[in-house]
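Here is the structure we will look at, set down as structure tokens.
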Amino acid sequence: QVRVVESGGGLVQPGGSLRLSCAASGSIRRINVMGWYRQPPGKQRELVATFTRGGGTNYADSVKGRFTISRDNSGNTMYLQMNSLKPEDTAVYLCHAAIQTSSSPFEYLYWGQGTQVTVSS
């Protein structure tokens, strides 16, 4: 069984910062892709930032220079440092991970339940 859980959301004023965490746990053999999406109110889900299969990173144009994605040494916990937050960053932020489990040679995509980020004065 694999779980992906986000934390760290909340209410912040424009220009402020937040750090989100995403922890993957369970019978994990390998995490191939891990990243962040967000879903603003009334809009579709969109990519925020992700680690690619090649080990690089990819950011949405709207967050470049403000958000930074990182992982811990185990590779199972990922962070999203969000600086200079804007009201348009308000959304539910979701973690996704493409994981190979200990019991299967196949890769499965897992999503967390999401954490709310609200940027408002």
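Here are a few things to note about the model shown:
- Restricting attention to segment 81-103, the residues being buried (at least 20 other Cβ atoms within 10 Å of the Cβ) and assigned to a helix (DSSP H, G or I) number 1.
- Residue pairs whose Cβ atoms lie under 8 Å apart, separated by 6 or more positions or on different chains, with the first residue in segment 50-75 and at pLDDT 95 or above and the second of a type in the set (Asp, Glu) and open to solvent by less than 30 Å² (accessible area, probe 1.4 Å), are VAL63/ASP89.
- Per the listing THR68, THR50, the residue uniquely open to solvent by 70 Å² or more (accessible area, probe 1.4 Å) and assigned to a strand (DSSP E or B) is THR68.
The values are calculated or read from the model by the stated rules, or taken from the named source; none is laboratory data. Computed from a prediction, not measured in an experiment: that's the story for all the values here. A quick note on method: Cβ atoms are made from the backbone with ideal geometry, for glycine too, and the neighbour counts reach across all protein chains shown. Remember, those area values only see protein heavy atoms, side chains included, never the ligands or the DNA or RNA. Shrake-Rupley method; radii C 1.70, N 1.55, O 1.52, S 1.80 Å.
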